[in-house]
Amino acid sequence: MLNSSLSATSSYQLSAMNDLQHEFEQAATDIKRLGERPDNDTLLRLYALYKQGLDGDVHGAQPGFFDFIGTAKQEAWALLKGMSQDDAMRQYISLVRQLLP
């Protein structure tokens with residue numbers, strides 16, 4: 001009885017995770033049809049949430065000293081360190097929905 005209950009719970013969690021992943025991917029597609037370009041702060045927030053949702057905490061080599069855009073992106077992503085990938089996906093989806101007409 002306990003095993004079947006655990007199995008049902010695992011199936012539910014897997015289904016919810018797949019739904020979230022699907023919504024996240026759909027939001028990433030939807031943002032491409034945005035009519036106006038968001039301000040730079042919003043773009044950085046979108047980038048950071050997307051990377052955190054996709055890859056987790058920031059990693060990789062730091063951009064070069066004169067790569068101002070790359071540095072801004074990495075710094076925005078680093079601010080989300082410790083946020084779960086699921087939370088980042090939910091926030092990304094929410095922000096994309098706010099931006100779309």
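Here, each number is a calculation from the coordinates, and none is a lab measurement. All of these numbers come straight from a predicted model, not from anything done at the bench. Here the Cβ positions follow ideal geometry from the backbone for every residue, glycine too, while neighbour counts run over all protein chains shown.
Below, the figures for the structure above:
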| read-out | value |
| --- | --- |
| Full-stretch length increase - His22, Asp41 - with 0.36 nm per residue and alpha-carbon distance subtracted | 4.3 nm |
| Cα-projected label distance for Thr29 with Lys81, points at 7 Å along beta-carbon direction, nm | 3.5 nm |
| Nearest-0.05 FRET efficiency for Phe68 and Gln98, computed from C-beta distance (R0 30 Å) | 0.65 |
| Using θ = phi - 60° and Karplus 6.51 cos²θ - 1.76 cosθ + 1.60, couplings along region 23-36 (whole Hz; Gly, Pro as x) | 4, 4, 4, 5, 4, 5, 6, 4, 5, 5, 9, 5, x, 10 |
| Vicinal HN-Hα couplings computed from phi for region 51-65 (Karplus, 6.51 cos²θ - 1.76 cosθ + 1.60; Hz; Gly/Pro x) | 5, 5, x, 7, 10, x, 4, 4, 7, x, 5, 6, x, x, 4 |
| Region 20-99: translational diffusion in µm²/s, Stokes-Einstein, Kirkwood Rh over Cα pairs, 4 °C, 1.567 mPa s | 100 µm²/s |
| Cα lying deepest toward the dipole's positive end in region 20-99, options Gly64, Gly82, Gln98, charges on Cβ | Gln98 |
